[in-house]
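The structure appears right after this line, and notes come after that.
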Amino acid sequence: MKFLCLRIDNTTEESAVRNTVIRLLPALLALLLVTGDAYAESQNEPPLRPVKLVTLEASGAALQRQFPARVEATTRSNLSFRMAGELLEINVTPGQRVTEGTLIARIDDRNMRSELDSARSRLELARATHERMRYTLERGAISQARFDESEAELRAARATFEQAEEQLENTQLRAPYDGVIAQVPVDNRQIVQVQETVAVIQQPGQLDVIFHLPQQIVQQIPRNDEVTPFEMAMAFEVRFGNSEKPYLAQLASYTTQASAQSLAYEVTLRLPQPDDITLLDGMSATVRLDLGQLLPASESLVWHLPPNAISYQGENSEQAVVWRFQAPDRLEAVPVEVGRLTSKGLEVSGELAANDRVVAAGAHRVSADMRVTPWEKEQGL
């Protein structure tokens, strides 16, 4: 009797499970059908194709150019001796401030002192002889011609003495003005030659920034007989080293003949010595120039693109198009007019805007129904 009751309970439990499965079966079948359709659809959809894109620069940014430059003191002098000799004394070091007349260096002056002593003796003798001739002339013992000869000998002796004094003075090198010693390229007890640089002095207060403008840019600048474009663009932005802080500089001068080596024109800017940064002769700088102030304004906005960015595979085979990327994965054909080929690429104009991203290569192999993804250059390639 007990066994019979247990069997009845098991049958009841199995029946309940079976009824639950039967109730859930339609929902399970529907879920399987939806999952299968989604999987099949994902298998049939084509994969994303990577494309190389280029971003169109803003019109202003396209005309902003940077040029490497160097810093030079506006007033600087290479100090040297007017005669050769052994360097006996150097009284300055780089970075030292000096005042006008400060003794910079001295060479061996023994020969000059000996010549000065000889010249002084000859001058004293000529002066005494001239006085005796004057006394004799007053008494009529000599002719006027003889007296004139003694006077000429006195003048020659005085000139020789003054020249010897000057030669002795030239053995000492003194600062021509208040300034800072920038370089001392020689050592003590060294034999220096005539006009060999012993020290470089620069006057603080103003600095020059020198850069070179390429011939290709200068050729595009329109000429004006009254005011040059350089003079119209009077303010230039200069940055020093790795600093991003701009300093305004004024045009000082520029050459009208290109360098034979670089085919570039030298431009010199001038600015006051900044208070917040130490700038020395020879330091590097960067000049940022807005070519929009120098070059003629374009009537229509022109973009420069690689030749492979142009396609003729739209509805009209004669109409050039570029493919603009539409996030997240689509392309849009934009009709353009193609101009001349330049060193920057093909000139194109059309319904394009700054910061648009267009296909830069393989434009003839893409289409509007293609799903794409921007190609990212792998690290290390």
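The values are calculated or read from the model by the stated rules, or taken from the named source; none is laboratory data. Because the structure is a prediction, the values reported are computed rather than measured. No Cβ is skipped: glycine too gets one built from the backbone with ideal geometry, and neighbour counts run over all protein chains shown. Note: areas computed on protein heavy atoms with side chains; ligands, DNA, RNA excluded. Shrake-Rupley method; radii C 1.70, N 1.55, O 1.52, S 1.80 Å.
For segment 133-170, a residue qualifies if it is over 60 Å from the mean Cα position of the chain (by Cα) and either among the small types (Gly, Ala, Ser) or surrounded by fewer than 12 Cβ atoms within 10 Å (Cβ to Cβ) (or both), and the qualifying residues are Tyr135, Glu138, Arg139, Gly140, Ala141, Ser143, Gln144, Ala145, Ser150, Ala152. Inside segment 109-132, residues that are open to solvent by 40 Å² or more (accessible area, probe 1.4 Å) and either acidic (Asp, Glu) or in contact with a Gly (Cβ under 9 Å, 6 or more places away or on another chain) (or both) make up a count of 5. Within segment 246-273, the set of residues being out of contact with any Pro (no Cβ under 7 Å at 6 or more places or on another chain) and of a type in the set (A, V, I, L, M, F, W, C) comprises Leu248, Ala249, Leu251, Ala252, Ala258, Ala260, Leu263, Val267, Leu269, Leu271. Only a single criterion out of (1) open to solvent by 50 Å² or more (accessible area, probe 1.4 Å); (2) over 13 Å from Glu169 (Cα atoms) is not satisfied by Val92, namely (1).
Check whether at least one residue in segment 338-349 is open to solvent by less than 30 Å² (accessible area, probe 1.4 Å) and either outside any strand (DSSP E or B) or not aliphatic (A, V, I, L, M) (or both), and report yes or no. Scanning segment 338-349 turns up at least one residue that is open to solvent by less than 30 Å² (accessible area, probe 1.4 Å) and either outside any strand (DSSP E or B) or not aliphatic (A, V, I, L, M) (or both). Taking the conditions (1) of a type in the set (Asp, Glu); (2) more than 26 Å from Glu237 (Cβ to Cβ); (3) open to solvent by 30 Å² or more (accessible area, probe 1.4 Å); (4) modelled with pLDDT of 85 or more in turn, Asp275 satisfies each one other than (2).
Looking only at segment 254-272, residues that are open to solvent by 40 Å² or more (accessible area, probe 1.4 Å), modelled with pLDDT of 85 or more and touching a Leu at 6+ places or on another chain (Cβ under 9 Å) come to 4 in all. Under 37 Å from the mean Cα position of the chain (by Cα) and either within 13 Å of Leu56 (Cβ to Cβ) or crowded, with 17+ Cβ neighbours inside 10 Å (or both), is that true of Val334? Answer is no for this residue.
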